[in-house]
Structure formats: structure tokens, C-alpha cells
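Heads up: the structure comes next, in C-alpha cells.
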Amino acid sequence: MRRKIAALVAAGLLCAGAAQAQAPVDKAVVRQAVEQVLRAWNTPTLGHWLAADFAERDRLLAALSFDVPPTARLRVLSIGGIQLLEQERGDGVLRSLVSVTVRAQAEWEDLQQGFQRREGTAEYVLRIVREVPR
């Protein structure tokens, strides 16, 4: 009986440690990050927000330069589900990989057809790094 109690206590401590390892990601921080990235869309600063290992990074940046009207902007319509994919602590920081569903609208002025808008929903994966006490 004593071994079972010790095993349950150890399992409880393990579960408690696992729960502490996953800190919640502030939804306001996620929203702010999404808005910053979408504000940079179709501008030269978008490259700053894309990870170096972003798939076809250069192709996306080139396509925006040539295939999208220069005045086009993305506007966030709504932010849906936010899911924590990965999280790790180290060197006084907490790194969180977060998936977020965003409904946005591209808007631009066309000289021949007037104001244009295209709405769509996409999933964004964000890496959020914040300082934490050691």
C-alpha cells in the first residue's frame, strides 16, 4: 500500500510539473502580434516578421512586390482559436509557438473598378518570446 501511495504522489508531482511547464499565452499579446504582422503585409518590413526558416520566404516577399497592388493592406476582421503548440523555457525567456486562426480582409483602390476587398481565413503560426523571472 505504501508503494502505491508513493507512486500516486510521484505521478501527482509529475502532472503538477507538466501543468506548470505550459504557461498560458496572453490573448492580447497574440492579437497584438497578429496585427503587427498584418500591418507589415505588402510592405518592405514584412521580411522582419518572417522567420528565417519560413517556407518559401523569398518567394512570398517577391510575389507581394509584383502581384499585389502597392496600396493593398490587410485588416483583421476577427481572431478565432488560439492554440499553444510548443513551449520551452531557457535563458530567462519563455518561447511559445502558437497557432491562431485569423479572418482578414485585403483592401485596395483599383483605378478602374474602385474600392476592392477580398476576405479570407488563414492559420498563422507565431513564435512569441517573453522574458520571465529566473
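Quick rundown of the values:
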| read-out | value |
| --- | --- |
| Residue in the range 72-89 that is over 20 Å from the mean Cα position of the chain (by Cα), among the hydroxyl-bearing types (Ser, Thr, Tyr) and under 18 Å from Arg39 (Cβ atoms) present | no |
| Count - residues of the range 69-96 that are small (Gly, Ala, Ser) and either in contact (Cβ under 8 Å) with a residue 60 or more places away in the chain or closer than 13 Å to Arg127 by Cα (or both) | 1 |
| Subset of the range 38-74 (residues that are farther than 28 Å from Phe115 by Cβ, of a type in the set (A, V, I, L, M, F, W, C) and surrounded by fewer than 11 Cβ atoms within 10 Å (Cβ to Cβ)) | Ala51, Ala52, Ala55 |
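Values in this text are rule-based calculations from the coordinates and carry no lab data. Computed from a predicted structure; not experimentally measured. Don't worry about glycine lacking a Cβ; one is built from the backbone with ideal geometry, like all the others, and counts go over all protein chains shown.
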